[in-house]
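Presented below is the structure to which this report refers.
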Amino acid sequence: MVILGIETSCDETSAAVVSAGDVRSNVVSSQAELHARFGGVVPEVASRRHLELVSYVVRDALGAAAARLDDVEVVAVTTGPGLIGALLVGVAAAKGIAFGRRLPLAPVDHLHGHVAALYLQPEPLEPPFLCLLASGGHTLLLDVRERAGFRRIGTTIDDAAGEAFDKGARLLGLGYPGGAALDRLAHEGDPEAYAFPVARVPGFDFSFSGLKTALLCAVRDLATDELERRRADLAASYQRAIVRALVGRTLEAAEATGAERIAVVGGVAANSELRASIPGAALAPLPLCTDNAAMIASAARFVEALPYPEYLALDAHA
Ligand code: KG4
Ligand code: ZN
């Protein structure tokens with residue numbers, strides 16, 4: 001089955017061609033630079049940019065896969081969760097392509113997509129496993145027993161882990177989105193320099209807002225030149241606290257649920273310290289951690305596609 005995937009839930013315009021679990025192409029056009037000056041994604045700006053880019057990105061994805069629209073058998077698209085206007089652009093594009101070719105259309109949940117990054121070649125993961133999904137919008141612990149879905153057993157009660165990285169990065173003057181930059185800066189610092197708190201919340205949930213406040217206070221207490229000297233230490237210690245919180249909870253949940261396998265997905269799964277901190281875990285491949293359409297096409301294989309022309313009434317959800 002040749003699947004054309006489209007993802008436009010936030011600020012990445014992406015299209016991919018996946019067949020038999022093989023990523024034949026995965027084109028991602030990031031709008032990060034466009035939003036950087038605002039310190040975060042501006043939804044309306046993102047929607048308009050998706051509209052400008054989506055046709056070109058689809059064309060690029062087909063070209064890179066040496067495929068034509070005639071070869072596509074299913075169109076898959078993220079229908080939510082995400083920014084509503086951004087999602088609608090992808091959904092409309094997918095409907096147009098599918099309708100024009102009388103193809104079926106598979107509506108894909110973005111979070112299912114992140115998990116499905118693990119189901120692609122060359123090392124497709126077989127459930128059951130416990131999955132930590134850490135991204136800019138979510139921090140979830142998922143009990144995955146089948147490729148078609150999952151059960152949530154934990155979530156964040158305030159900020160998502162990626163959001164904590166981005167807000168921390170902003171406090172340290174690293175721009176937006178700062179997760180990857182903070183990761184790089186942390187390599188030059190001492191992770192034990194500051195004792196940032198790891199929140200203890202009930203169940204298998206997470207909390208990162210107190211940690212963010214702790215960093216804010218630490219930054220405020222430093223004079224400008226002192227802050228410049230301690231930036232790497234602050235980054236390393238802050239990252240250490242986030243990773244500790246993620247790993248600690250994940251290991252507790254694995255023990256409590258008797259999970260034999262742990263997997264880590266989502267944008268924060270690209271973090272170098274996190275990747276090194278759960279030995280034996282299945283990690284989403286680096287290019288498939290942050291938002292991309294290959295993971296959406298991957299999930300589509302385990303979703304019931306809507307036949308032509310039933311999907312014309314399909315809606316996106318925020
Ligand atoms: O999955 P994703 O692309 O978008 C959402 O679905 O939210 O995740 C984006 C998040 C951002 O917060 C970004 O800063 C974070 O993933 N991120 C990282 C790293 N690379 C991306 N966080 C920490 N370390 C990284 N290396
Ligand atoms: Zn995502």
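In the stretch 124-174, the qualifying residues are those that are of a type in the set (Ser, Thr, Tyr) and either more than 13 Å from ligand 1 (Cβ to nearest atom) or surrounded by fewer than 24 Cβ atoms within 10 Å (Cβ to Cβ) (or both), and the one that is nearest to ALA20 (Cα to Cα) is THR155.
For (1) closer than 25 Å to ARG147 by Cβ; (2) assigned by TED's automatic domain parsing to the domain that holds GLU163; (3) in contact with a strand residue (DSSP E or B) (Cβ under 9 Å, 6 or more places away or on another chain), each residue gets a yes or a no:
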site: LEU234; (1), (2), (3): no, yes, no
site: ARG240; (1), (2), (3): no, yes, no
site: ARG244; (1), (2), (3): no, yes, no
site: GLU255; (1), (2), (3): yes, yes, no
site: ARG261; (1), (2), (3): yes, yes, yes
site: GLY267; (1), (2), (3): yes, yes, yes
site: GLU273; (1), (2), (3): no, yes, no
site: ALA297; (1), (2), (3): yes, no, yes
site: VAL303; (1), (2), (3): yes, no, yes
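A single entry from GLY137, GLY63 fulfils the requirement of being in the same structural domain as PRO177 (by TED's automatic domain parsing) and not in a strand (DSSP E or B): GLY137.
Please specify each residue of the stretch 175-190 satisfying the condition of being in contact (Cβ under 8 Å) with a residue 60 or more places away in the chain, over 18 Å from the mean Cα position of the chain (by Cα) and buried (at least 19 other Cβ atoms within 10 Å of the Cβ). Within the stretch 175-190, ALA186 is the sole residue that qualifies. Cβ-Cβ distances below 6 Å connect the following pairs, each with a first residue in the stretch 83-106 that is open to solvent by 30 Å² or more (accessible area, probe 1.4 Å), a second residue that is among the aromatic types (Phe, Trp, Tyr), and a separation of six or more residues or different chains: ARG102/TYR308.
Quick one: in the stretch 240-279, of everything that is acidic (Asp, Glu) and either more than 13 Å from ligand 1 (Cβ to nearest atom) or over 17 Å from ALA164 (Cβ atoms) (or both), which residue is least open to solvent (accessible area, probe 1.4 Å)? Here the residue is GLU252. Residue check: TYR194 meets all listed conditions (1) more than 15 Å from ligand 1 (Cβ to nearest atom); (2) surrounded by fewer than 17 Cβ atoms within 10 Å (Cβ to Cβ); (3) farther than 20 Å from ALA134 by Cα but one, namely (2).
Set side by side, the residues ALA94, ALA169 differ, and just one is within 30 Å of ASP233 (Cβ to Cβ) and either part of a strand (DSSP E or B) or away from ligand 2 (no atom under 16 Å from the Cβ) (or both), which is ALA169.
Per the conditions (1) open to solvent by less than 50 Å² (accessible area, probe 1.4 Å); (2) assigned to a loop (DSSP other than H, G, I, E, B), the sole criterion not satisfied by PHE204 is (1).
Among the candidates ALA61, ALA76, ALA65, the residue that is open to solvent by less than 50 Å² (accessible area, probe 1.4 Å), in contact (Cβ under 8 Å) with a residue 60 or more places away in the chain and away from ligand 2 (no atom under 16 Å from the Cβ) is uniquely ALA61.
The values are calculated or read from the model by the stated rules, or taken from the named source; none is laboratory data. Remember, predicted model here, so these are calculated numbers, not experimental data. FYI the Cβ positions are ideal-geometry reconstructions off the backbone, even for glycines, and counts take in every protein chain you see. The area values use the complete protein model at the heavy-atom level, side chains included, leaving out ligands, DNA and RNA. Shrake-Rupley method; radii C 1.70, N 1.55, O 1.52, S 1.80 Å.
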